[in-house]
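Comments concern the structure below.
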2 protein chains.
Amino acid sequence: MSYTKTDKIPRATIQRMAMYLRTLERMGRDGVKLVSSEILAKACAVNSSQIRRDLTYFGEFGVRGVGYNIDVLIASVREALHIDRPWDCALVGVGNLGRAQLNHREFRQRQYNIVAAFDSDSAKIGQKVSGLEITDVARMRSVLAGRGVPLGIITTPPGFAQQAADCLVECGVMGVLNFAGARVFSSADVFVENVDFFNHLYALSFYISQKDRA
Amino acid sequence: MSYTKTDKIPRATIQRMAMYLRTLERMGRDGVKLVSSEILAKACAVNSSQIRRDLTYFGEFGVRGVGYNIDVLIASVREALHIDRPWDCALVGVGNLGRAQLNHREFRQRQYNIVAAFDSDSAKIGQKVSGLEITDVARMRSVLAGRGVPLGIITTPPGFAQQAADCLVECGVMGVLNFAGARVFSSADVFVENVDFFNHLYALSFYISQKDRA
């Protein structure tokens, strides 16, 4: 396929593509072989014209009306999103949240390899978590030098998130996944994604309240 | 305001409303007083007609063209989503991820009160995390009996997620926030939201790759 027909792909399209992919992967594991935009739309809770419009940014994925071979569609979306190759990550903040991420088996399964973990707590430095030794955050520059690690993961307490982001960016990281619950700011050429699950809690509250009213 | 003009509010609208609210709260903290659907749309990376369409499900929030008073809009959305009151939660699985959630200050700030924490590990039972004593999961039914806790949070290893969900639902929980990284199934009248942050990593990979190609 020819992907990226245009460079002006809206941010919302990318986030939806990632969501489509997660849903397709799940459907694939469930044994689905062929998927239409209508079925995918229902599974993703968006409308099917939106899905077709999003997919066209990346080229032609299938024959309209016939549906898509799910394995081909997954491979095409992975290629279009550039996640058909491994991505190295450096993690900062090895508290409970950091440990949970270091032990999270899906990182490696999805080819996101956490290759370094940093903390400032001398009691933690030198400990191993999931086979990875915790390194002094002060040594980040020398540890990451020349390794071209593109992604940073911030799992510090909120008050240290900006400092962690600044360190990571100084070390050449180009994208930051921020779990810290505090906003971090970066120069325009560094991408920051904030993980926030309260929208899920809000949605649950709404559904339950609606049901109570029914 | 008169909220909930219709009961047939699409799931995707609810999730977007929650996202709008998080964005509005952030803009409010940043000192914004008045917001147009165009500004909110840009901040949320959706188009403004989508935002206006979503808001109309809940009634009239502002005067088109003039923009919305941000405090009034936040209060109205909170009321519409039924999150203008406290929600009790029970958490199952006090590993690293569970501890991180128990220590997460935003739960209480947002009136999501974790009132009970369960684990099956006898080494953990009786310990306190963030002031809350860890209780044997086998005692969940007696601990939660009659308390009407509406929400469950699953932070178990993937293999225990379904069991945790079944226990919670037996105890009367109506909505489940699942961090476990394994799907859980429930009867149709229990709502499940799965927390998944890989879409953020996928988006970062894409942005970085596009930049590399530029």
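For the reader, a short list of remarks on this structure follows.
- Residues located in the stretch A:61-82, provided they are at pLDDT below 85 and surrounded by 13 or more Cβ atoms within 10 Å (Cβ to Cβ): A:PHE61, A:GLY62, A:GLY67
- Residue within the stretch A:197-207 that is under 30 Å from B:PRO86 (Cβ atoms) and part of a strand (DSSP E or B) present: no
- Scanning the stretch A:65-103 for residues that are outside any loop (DSSP other than H, G, I, E, B) and under 24 Å from A:PRO157 (Cα atoms) returns A:ASP88, A:CYS89, A:ALA90, A:LEU91, A:VAL92, A:ASN96, A:LEU97, A:GLY98, A:ARG99, A:ALA100, A:GLN101, A:LEU102.
- Search result, residues across the stretch A:184-201 that are closer than 26 Å to A:VAL143 by Cβ, surrounded by fewer than 18 Cβ atoms within 10 Å (Cβ to Cβ) and either out of contact with any helix residue (DSSP H, G or I) (no Cβ under 9 Å at 6 or more places or on another chain) or within 10 Å of chain B (Cβ to nearest Cβ) (or both): A:ASP189
Per-residue answers, yes or no, for (1) in contact with an Asp or Glu (Cβ under 8 Å, 6 or more places away or on another chain); (2) surrounded by fewer than 18 Cβ atoms within 10 Å (Cβ to Cβ); (3) within 13 Å of chain A (Cβ to nearest Cβ):
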position	(1), (2), (3)
B:ASP136	yes, yes, no
B:SER142	no, yes, no
B:CYS171	no, no, no
B:ALA203	yes, no, yes
B:SER209	no, no, yes
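- Verdict on A:ALA180 being hydrophobic (A, V, I, L, M, F, W, C), within 13 Å of chain B (Cβ to nearest Cβ), touching a strand residue (DSSP E or B) at 6+ places or on another chain (Cβ under 6 Å) and buried (at least 16 other Cβ atoms within 10 Å of the Cβ): yes
- Sole residue being without any contact (Cβ under 8 Å) to a residue 12 or more places away in the chain, of a type outside the set (A, V, I, L, M, F, W, C) and either facing chain B (nearest Cβ under 9 Å) or under 21 Å from B:HIS200 (Cβ atoms) (or both), chosen from A:ASN113, A:ASN103, A:ASN96: A:ASN96
- All positions within the stretch A:104-156 that are more than 21 Å from the chain's Cα centre (by Cα), of a type in the set (S, T, N, Q) and outside any loop (DSSP other than H, G, I, E, B): A:THR135, A:SER142
- The set of residues in the stretch A:151-164 being within 13 Å of chain B (Cβ to nearest Cβ) and crowded, with 19+ Cβ neighbours inside 10 Å consists of A:LEU151, A:GLY152, A:ILE153, A:ILE154, A:THR155, A:THR156.
Conditions (1) among the hydrophobic types (A, V, I, L, M, F, W, C); (2) without any contact (Cβ under 8 Å) to a residue 24 or more places away in the chain; (3) within 26 Å of A:TYR20 (Cα to Cα); (4) in contact with a helix residue (DSSP H, G or I) (Cβ under 6 Å, 6 or more places away or on another chain), marked per residue:
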site	(1), (2), (3), (4)
B:ILE134	yes, no, no, no
B:VAL173	yes, no, no, no
B:ALA182	yes, no, yes, yes
B:ALA203	yes, yes, yes, yes
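- Boolean, A:ALA165 is without any contact (Cβ under 8 Å) to a residue 60 or more places away in the chain and part of a helix (DSSP H, G or I): yes
The values are calculated or read from the model by the stated rules, or taken from the named source; none is laboratory data. Since this is a predicted model, take the numbers as computed values, not measurements. Neighbour counts are summed over all protein chains in view; Cβ atoms, including those assigned to glycine, are modelled from backbone coordinates with ideal geometry.
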